[in-house]
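Each remark here refers to the structure printed beneath this line.
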Amino acid sequence: MSEAAKKEPMAPRAVRHSFTLTDNETGDSYELPILHGNIGPRVIDIRKLYAEAGIFTYDPGFTSTAACTSDITYIDGDAGVLLHRGYPIEELAENSDYMDVCYLLLHGDLPSPEEKSEFDENITQRTMLHEQLVRFYSGFKRSAHPMAIMVGVVGALSAFYHDSTDINDPMQRMNAANRLIAKMPTIAAYAYKYSLGQPFPYPDNKLDYASNLLRMLFSVPTEEYEVNPVIARALDKILILHADHEQNASTSTVRLAGSSGANPFACIAAGIASLWGPSHGGANEAVLNMLEEIGTKENIPQFVKRAQDPNDSFRLMGFGHRVYKNYDPRAKVMQKTCHEVLNELGTSDPLLDIAMELERLALEDSYFIDKKLYPNVDFYSGITLRAIGFPDNMFTSLFAIGRTVGWIAHWKEMMSSAESKIGRPRQLYKGEVARQFTAVANREHTSRKISWAWLWGGQSNNER
Ligand code: CMC
């Protein structure tokens, strides 16, 4: 793709049909254009609906709403398809490496050999952290969750790199993108090392991305560290599988934060915060907690039953997906990678046996079949990462490292699109209307007692 074509602002595809909306109350009709993507469902263009009809649409969780146009990733959830810039995820995971995929997501095409080595160099040159930034770590509690540290340290990058916070300069945008991809493994590895009280190793730019990450996480200055190439390849695949996933919660968070003109480091910090939740990136850690809670194969039916009880908030972690109503294609690759890692390390993890049996039972159960709940990528990634030696609370940080390129690719796309405007959803107001204000002295006394222990969740002063 030419440089000029890359900079062209994206516009919705041609309108071929329209959609008629009729207000049964007033009898008024409105013609709404229908937009066609290159692939995927048609989209009703409701941009002028409020101006013309005075009506909002209601769609909590954006289950039927396209918030932007994008050229980056395509998902067909019913067919279990995931394409990055047109390439199936299975082929990318099998034949390329994470740097290849980063380039593809950022620039639109796979790199030529020269472009690849230039990109590799651009990333490896930026892997170190500013020494002042390294001092931030000592301000955290040793027990801090690595994601808590990552939100803080990534947000703080904007205080260090003033030469890449001018969002209107494409060169600065690219610098910020490269810096974030390069520094994320160092930031995450230091969060882990800090929790152990071990020294922070400098990155080794002779190593590839995944090998360098393994070395920063697991090496100690007193011993030689040799990277196991099978494990490095597995970690590289895990990063590829997590690189992008269209308009998911954290990517939408990055886009929404960026839509106000916030700098890229602040936007990615917002994305990390959103990823942390157990319904999103925190699910891989939650899967392991759940498997441990299940404990033995005999207990599985009881947990499968609990997951179906509408009065029980328990869900089978690692099952279901907002978009995939078929097998998550990433889960298939991850399942294979999981076995490769366990074979290489000679590990037999009883949790894997529980996971396999759980998968078998759930896939035979009418509740899961009817609701199209299949294992997602997180179902296997937790077990794989644990076998490699990652502590459970590092799983989501690894997801964040992999997803950084997706976040930044979407942010860059949004920043160079002529269509972008500040994100500002509307609401269906259900609160009080037109109340009369009463001065405090004239308000009725209430016997309601406020329990401070309840408000603070029973925490002591020290914990607040
Ligand atoms: N266990 C039991 N029931 C479930 C599960 C589950 N894991 N997931 C969905 N359901 C039920 C849900 O209770 C609902 O039932 P009903 O129709 O009777 O109300 C129905 O299936 C539809 O679920 P939903 O919550 O409306 O679906 P959603 O699209 O809003 O949620 C999800 C998607 C991923 C949040 C949800 O499936 C879930 O909580 N899964 C477990 C957490 C998990 O594994 N998350 C990782 C997602 S993949 C990683 C990523 O891409 O971030």
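The values are calculated or read from the model by the stated rules, or taken from the named source; none is laboratory data. All of these numbers come straight from a predicted model, not from anything done at the bench. When we count neighbours, we look across all protein chains shown, and the Cβ atoms used for this are built from the backbone with ideal geometry, even at glycine. Note: accessible area is taken over every heavy atom of the protein model, side chains too, but ligands, DNA and RNA are not part of it. Shrake-Rupley method; radii C 1.70, N 1.55, O 1.52, S 1.80 Å.
Before moving on, here are some points about what is shown:
- For region 372-414, trypsin sites (Lys or Arg not before Pro) are listed when DSSP marks them as loop and at most 14 other Cβ atoms sit within 10 Å of their Cβ; the list is K372.
- Probe 1.4 Å, protein heavy atoms only - accessible area per residue of region 28-148 in square angstrom: 58
- Protein-only accessible surface order, largest first, of K183, K430 at 1.4 Å: K430, K183
- Peptide ranges 314-322, 418-426 listed from the most packed, as the mean C-beta count within 10 angstrom indicates: 314-322, 418-426
- Close amide H contacts of I55 (hydrogens built in the peptide plane, cut-off under 5 Å, sequence separation of 5 or more or a different chain): Y50.
- Separation between Cα centres of region 64-90 and region 117-169, rounded to whole Å: 30
- Based on C-alpha pairs under 8 angstrom that are at least 6 apart in sequence, the chain has a relative contact order of 19 percent.
- Rounded to whole numbers, the Karplus 3J(HN,Hα) couplings from phi for region 214-224 are 4, 5, 5, 7, 10, 8, 10, x, 7, 9, 5 Hz, using 6.51 cos²θ - 1.76 cosθ + 1.60 with θ = phi - 60°, and x at Gly and Pro.
- Of all accessible heavy-atom area on region 77-139, the percent that carbon and sulfur account for (1.4 Å): 47
- Residue-wise HN-Hα coupling along region 46-62, computed from phi with Karplus coefficients 6.51, -1.76, 1.60 (Hz; x: Gly, Pro): 9, 4, 9, 4, 5, 4, 8, 10, x, 10, 9, 9, 10, 7, x, x, 6
- Simple Cβ-charge dipole of the chain, Lys/Arg +1 and Asp/Glu -1, about Cα centre, in debye nearest 20: 1640
- In sequence order, calculated HN-Hα J values of region 240-254 (Karplus, 6.51, -1.76, 1.60; Hz; x Gly/Pro): 4, 5, 9, 4, 7, 8, 6, 8, 5, 4, 6, 5, 5, 5, 4
- The residues of region 220-331 present an accessible area of 43 Å² per residue when probed at 1.4 Å with all protein chains retained.
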